[in-house]
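Chemist: Questions regarding the structure given below will be posed in turn.
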Amino acid sequence: MRRLKAGLGRAAASIPVMQVEEERWSGDSMNFRIRALGQVATGQIDVADDQVRVEVVLPWLLQRFAEMAQATIRKRGQLLLTKDGGK
């Protein structure tokens with residue numbers, strides 16, 4: 001949780017076309033809204049002891065980039081959740 005709470009903004013900072021517009025935690029879940037390429041995407045992150053589930057709703061224009069985004073999220077998520085926090 002600690003790493004994730006500090007990590008979304010940091011991860012977005014490394015992707016020049018992405019900006020975090022909202023990040024709201026409620027218990028072990030976070031709802032977020034990001035803007036990329038002029039489009040808004042929303043999502044939710046659910047944190048459990050043994051897994052992290054990320055769900056993102058993309059506008060149709062960004063769906064074409066979904067595979068690339070999924071690979072990037074997976075890679076950055078793994079780095080963020082490693083012991084050293086991806087440093």
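A short reminder: the numbers here are calculations on the coordinates, not readings from a lab. In this text, all values refer to a predicted model and were calculated from it rather than measured experimentally. Cβ: placed from backbone, ideal geometry, glycine included. Neighbour counts: every protein chain shown.
Chemist: Lys and Arg at +1, Asp and Glu at -1: add these up for the other residues within a Cβ distance under 14 Å of R35 and post the number.
Modeler: So the environment of R35 carries a net charge of -2.
Chemist: All other residues with a Cβ under 15 Å from the Cβ of P16 taken together, and with Lys, Arg as +1 and Asp, Glu as -1, what is their net charge?
Modeler: Numbers: positive: R10, R35, R76; negative: none.
After counting each charged neighbour, the total is +3.
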